[in-house]
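Q: Let me begin by handing over the structure; questions about it come next.
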Amino acid sequence: MTALIAANWKMNASLAGNEALLSALAAGIASKPACDVALCIPAPYLAQFVALVSQLPALAGVALGAQDVSSQPSGAFTGEVSAAMLKDFGCRYAIVGHSERRQYHGETDALVAAKAQQALAQGITPIVCVGETLAERDAGRTTEVVKRQLAAVIQANGHCISEIVVAYEPVWAIGTGKTASPQDAQAVHAVLRAQLAAASANASRVKIIYGGSMNAANAAMLLAQPDIDGGLVGGASLKAIDFLSIVSAACA
Ligand code: PGA
């Protein structure tokens, strides 16, 4: 399966900073990378990205993504960004259910499932994040938690489930420098793979990517696991040299 490396810039961007980062990425990336590469950027910069990519042909193969999407199609939802709006800017991906949104914005499994549904309705691939907290891991509840989170999305999206990407992101590994060991991550990915297979005959094509302190040093080991199909990269995506070396590891 073609690997997917998706950057999650989170709330880190500026017009000048984006220009510098995209220029550096353009200088180092193959114009047709042998894996899928996406940048999930803050919504206000979508237009800047589109304009810059037209000037930087080396980035033509890099897909655009958002970090969130509304659970509603349109209307009186102040501050929300709809899937149709993301589609207007050519977004191919939208992260849904990131743990920072579950934690700081109270997003429930049902809301995350509705967001995935909105993205799919516009032909945008939702990158559905699941992952346990440290307390849940310590209590031996990892499998139960990730399966519950994914089940809500499977239930709401039925036969479309083969069109999603799943990101396993243990909450305790995000931004902490603590990475799940390749074996621990693989074990959870295998559980998610089996859950998807039971839900849809076409689910074998669903990419299950890992996120949580993936960096240039640990990417190859994680990506070598049979059920780890790529990475969702936060901190290390903000430095071109680090992100490019993760992309090289995935494209190898
Ligand atoms: P991190 O973030 O790579 O900085 O741990 C990953 C994520 O939250 O998507």
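The values are calculated or read from the model by the stated rules, or taken from the named source; none is laboratory data. Just so we're clear, the structure is a prediction, and the values are computed from it rather than from any experiment. Heads up, the Cβs are rebuilt from the backbone with ideal geometry, glycines too, and the neighbour counts pull from every protein chain shown. Ligands, DNA and RNA are stripped out before the accessible areas are found, and what is left, the full protein with its side chains, is counted by its heavy atoms. Shrake-Rupley method; radii C 1.70, N 1.55, O 1.52, S 1.80 Å.
Q: Tell me the per residue accessible area of the chain using a 1.4 Å probe; a whole number in Å² is fine.
A: Working: 10790 Å² over 252 residues.
On a per-residue basis, the chain sits at 43 Å².
Q: Right, another one. Determine one quarter of the surface area of the Cα convex hull of the range 120-252, which equals its mean projected area, and express it in nm² to one decimal.
A: On the way: hull surface 32.3 nm².
The orientation-averaged projected area of the Cα hull of the range 120-252 comes to 8.1 nm².
Q: Per DSSP H run of at least 4 residues, take -39500 (n - 2.57); add these up for the chain, divide by its residues and hand me the 222 nm value, nearest 500 deg cm²/dmol.
A: Values: 10 runs with 105 residues, N = 252.
After summing the helix terms and dividing by residue count, I get -12500 deg cm²/dmol.
Q: Let me ask you something else. Around V171, under 10 Å between beta carbons, what's the net of Lys plus Arg minus Asp minus Glu among the other residues?
A: Numbers: positive: R102, R137; negative: E100, E132, E136, E169.
Counting the neighbours of V171, the net charge comes to -2.
Q: While we're looking at this one, here's another question. Find which of Q149, C129, V50 sits farthest along the positive direction of the dipole of the chain, computed with +1 on the beta-carbon of Lys and Arg, -1 on that of Asp and Glu, about the Cα centre.
A: Going by the charge dipole, the pick is V50.
Q: Additional query: If you wrap a convex hull around the alpha carbons of the range 1-112, what volume per residue comes out, as a whole number of Å³?
A: Details: hull volume 13.3 nm³, N = 112.
That works out to 119 Å³ per residue.
Q: Right, next: Just P33, P42, P226 to compare: in a GNM of the chain, with alpha carbon springs under 10 Å, which one fluctuates most?
A: Greatest mean-square fluctuation among the candidates belongs to P226.
Q: Compute the FRET efficiency between V50 and A190 as 1/(1 + (r/R0)^6), taking r as their Cβ-Cβ distance and R0 = 35 Å, and round to the nearest 0.05. Write down the numbers at each step before the final one.
A: On the way: r = 38 Å, r/R0 = 1.09.
Working from the Cβ atoms, E equals 0.40.
Q: A further question follows. Expected output is a single nm value to one decimal: the length gained when fully extending between L15 and A220, i.e. 0.36 nm times separation in residues minus the C-alpha distance. What is it? Could the numbers behind the result be given before it?
A: Details: separation 205, 0.36 × 205 = 73.80 nm, distance 3.16 nm.
The span from L15 to A220 would gain 70.6 nm if fully extended.
Q: While we're here: Taking the Cβ of A197 as the centre, find all other residues whose Cβ is under 12 Å away and add up their charges (Lys, Arg: +1; Asp, Glu: -1).
A: Details: positive: R193, R205; negative: D227.
With Lys, Arg at +1 and Asp, Glu at -1, the neighbours total +1.
Q: To one decimal place, what orientation-averaged projected area in nm² is obtained for the convex hull of the Cα set of the chain?
A: Working: hull surface 49.2 nm².
Averaged projected area of the chain's Cα convex hull equals 12.3 nm².
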